[in-house]
Every structure is written in C-alpha cells, then in structure tokens.
Amino acid sequence: MPRSRRVASPRSPRRLARDRHGRGMRSAVTGPHLEPLSTRMEEFDTTVAGTAAYLRGLWPELEGVVFEVTQAPDEAIHVDHIDRWKVAHDERRITFHRLPIVRFLRLQEGEERDEKLLIESCVFRAVAEFLDKDPWELAPGRYRHL
C-alpha cells in the first residue's frame, strides 16, 4: 500500500519561532528576566575607584584628592582635542568624564578588558597631570618584566 504524501505547506510565523521539536527556543541559563549584576556605569566607577586607590597607595601626595565621575563636561570639544578628564589643582580634584572616554572606544563585542585598560590609562594620565609627572613614572618598577 503506498504511503500518503504530505503536502508541503508554508510554515506559519509561530512555527518559525520554535525549534524542530516543537518547544520554544532556549533561554539563557540565568533566565530571561534577570538583570545584569552591574551596569556599565557602575563598572566604570569601580575601575576609576580601584585605579585611584592603587595610585593613592603609591603616592602620598594624592591624599585628600577627590576623584569624581561625571557623564560629560559642559564644554568638552575643542579645536585640537576632546576633554576626557579635568584636573583642578587648587581644589585638589580630578574629574573624569565618562561619555568622552567610553564613546570614543572602537571596541568589538565582548572586549570589556580593553575598555577597562583604557579607563585605567585615563586615570594614570590624569593623575600624572595632577602630579606633573610622566604616566610611566607613577608605578616605578611595575613594568620591568615586560
């Protein structure tokens, strides 16, 4: 007895949203509604604070210096550069502008380590400007193994 043949019908949109066994698509292990453990703004703040704490341990001159993070400065764009931080010697304050630092990164997906390194380098350069030193002088002997 010959088998009956099924007529191929166009797939419905609902069918396209499922896998071949008829179950829904897999979700993340953590669940679809779990919020990230920390936001990018919190990661930025943590990186600045950690790098500042490291440099305070090396340089007693940084005692009492306030490190702060703002979203963007009032006037960041100049003819020859874009402000990523502001050093105020008289106020003993270093202000980092998050958006100019992060927005000018040209990162691919998943390169959080590179973003962290750029933020740390900005902190080093701002502190070097505050102390009137070269950024490589801030951690003497630290990079001798490279």
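Structural remarks
- Our coupling estimate for the range 134-141, obtained by passing each phi through the Karplus curve with A = 6.51, B = -1.76, C = 1.60 and θ = phi - 60°, is 7, x, 6, 7, 6, 10, x, x Hz, Gly and Pro reported as x.
- Simple spin-label estimate for E137 and A88 gives 2.6 nm between the two label positions (7 Å along the Cα-to-Cβ direction from each Cα).
- Charged neighbours of T70, selected by a Cβ distance under 13 Å, balance to -1 (K, R count +1; D, E count -1).
- Relative packing of 41-48, 55-62, 68-75, which averages over residues the other C-beta atoms within 10 Å, highest first: 41-48, 55-62, 68-75
- In this calculation the C-beta distance from F104 to M41 is compared with R0 = 22 Å, giving a FRET efficiency of 0.85.
- Cβ crowding within 10 Å averaged over residues, with 89-96, 121-128 ranked highest first: 121-128, 89-96
- The three principal axes of the Cα atoms in the range 40-133 give end-to-end lengths of 38, 31, 22 Å, sorted in falling order.
Every number in this text was worked out from the coordinates using simple rules, so none of it is lab data. Since we're looking at a predicted model, the values are computed, not measured. Virtual Cβ from ideal backbone geometry, glycine too; neighbours counted across all protein chains shown.
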